[in-house]
Amino acid sequence: MKRVYLDNAATTALDKRVFEAMEPYLTGQYGNPSSIHANGREVRTAIEKARRKVAEILGAAPSEIFFTSGGTEAINTVLRGALEKHSIQHVITSPIEHHAVLHTLEYLKSAGHTQVHFVNLNDQGQFDLNHLEEMLKTYPRSLVSLMHANNEIGNIMDMDAVGDLCATYHAFFHCDTVQAIGHLPFNLSQQGVHAIAGSAHKFHGPKGTGFMYVDADHAISPLLIGGGQERNMRGGTENVYGIIGLASALELAYDEREQTIKHLLSLKKYAIKRLKSEIENVVFNGMSASADASLSKILSIGLPGLGENEMLLFNLDINGLSVSGGSACASGSNIGSHVLDAINVPSDMATIRISFSKFNTTDEIDFFVQNLKMIINDNY
Ligand code: PLP
């Protein structure tokens, strides 16, 4: 049966070239990078080469890149490690952050480590930077954690504008860049951000491997303490093939970025056009229909009056379509999507997030639109 995967914000397919780069480290090159013998040394060399590659692509120093088990671990480490190291009392964040940020902050708040304040946003999900500045005036030297690109509605935030405000008020600026890495350009040494997080499986790399960037002048405390790996910032034997895969996937993503973005944008425009012509009253949540203000890979589709979207998603699935409600973690339903709630999406609006990759085609968009139309006509 035909199967179409339009859930690339949840995860992406491993690029075959990335698998080829990883393979030797899954088989022959199995040394522990901390061992001092030749088997260990050759693997250590490969990890340091991967680190240099990641640093070079993102405009950072190799000593500012730390490999982790993924985006969630990177975010936990930065939030907890920055609060501890810099004795920060206040965090400013937004209600549309990923749960890796929000649940970590809830925990830190309930444990009495910090107070948490939320920046206002409009119904398109755009942050109110005047409100952010007011809060920074009230709570200088706080930690600001605002995401670069939202995983449900694709909204892109102006990282440099937030960085400037953080510099003015001496705030530590963490930016969740998990969805943006591999899609948007970075030159971290020139940008006012102090820590970011990345996750390889969002850009055709392997799952369970990621990294954090921490600016050399804004060191943080480690989360995992053990054998002193990652220059004492992350104890535990390294996920060697994951790290090799991450660096390879990142290199491919940026080498091919221009053509990939062009392709993703043409898919998004095509999807919007087809949906508007075939589905009555269709709307697009947040800034997701915008070519500049949202990630080219994400389109959040609103279907007014259709109510809960569980049946819709179930029917799409049995017709061969992998799409999602809000985000993968929202259990396939927009009930409980804190992002859609925060931007006041009406409760009777069904929401489907489709997200594209370089492997999708316009035929697949046609297949999605035809099936969606048929399911709506048959059931509503
Ligand atoms: N932050 C954002 C914006 C995400 O979309 C995700 C994954 O969905 C994460 C963080 C967590 O990343 P990981 O799956 O690598 O833990």
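The values are calculated or read from the model by the stated rules, or taken from the named source; none is laboratory data. This is a predicted model, so every value here is computed, not measured. Methodologically, a virtual Cβ is constructed for each residue, glycine included, from the backbone with ideal geometry; neighbour enumeration extends over all protein chains shown. Note: accessible area is taken over every heavy atom of the protein model, side chains too, but ligands, DNA and RNA are not part of it. Shrake-Rupley method; radii C 1.70, N 1.55, O 1.52, S 1.80 Å.
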Among (1) open to solvent by 60 Å² or more (accessible area, probe 1.4 Å); (2) farther than 26 Å from residue 296 by Cβ, which single condition is residue 64 missing? (1)
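Here is a check on your reading of the model: is residue 207 among the basic types (Lys, Arg) and surrounded by fewer than 19 Cβ atoms within 10 Å (Cβ to Cβ)?
It is true that residue 207 is among the basic types (Lys, Arg) and surrounded by fewer than 19 Cβ atoms within 10 Å (Cβ to Cβ).
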Only one of these is in a helix (DSSP H, G or I) and charged (D, E, K, R): 207, 202. Name it. 202
Output yes when any residue across region 5-13 is more than 16 Å from the ligand (Cβ to nearest atom) and either open to solvent by less than 60 Å² (accessible area, probe 1.4 Å) or modelled with pLDDT of 95 or more (or both), and no when none is. no
For region 68-87, which positions are open to solvent by 10 Å² or more (accessible area, probe 1.4 Å) and of a type in the set (A, V, I, L, M, F, W, C)? 83
Taking first residues from region 43-57 that are in the same structural domain as residue 237 (by TED's automatic domain parsing) and second residues anywhere that are open to solvent by 60 Å² or more (accessible area, probe 1.4 Å), the pairs with Cβ under 7 Å that are 6 or more apart or on different chains are 53/251; 57/251
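Residue-by-condition table, conditions (1) open to solvent by 30 Å² or more (accessible area, probe 1.4 Å); (2) among the hydrophobic types (A, V, I, L, M, F, W, C):
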residue: 269; (1), (2): yes, no
residue: 275; (1), (2): no, yes
residue: 282; (1), (2): no, yes
residue: 295; (1), (2): no, yes
residue: 351; (1), (2): no, no
residue: 359; (1), (2): yes, yes
residue: 375; (1), (2): no, yes
If we scan region 95-112, do we find a residue that is in a helix (DSSP H, G or I), out of contact with any Pro (no Cβ under 9 Å at 6 or more places or on another chain) and charged (D, E, K, R)? yes
Can you confirm whether region 41-58 contains a residue that is within 16 Å of the ligand (Cβ to nearest atom), open to solvent by less than 10 Å² (accessible area, probe 1.4 Å) and modelled with pLDDT of 95 or more? yes
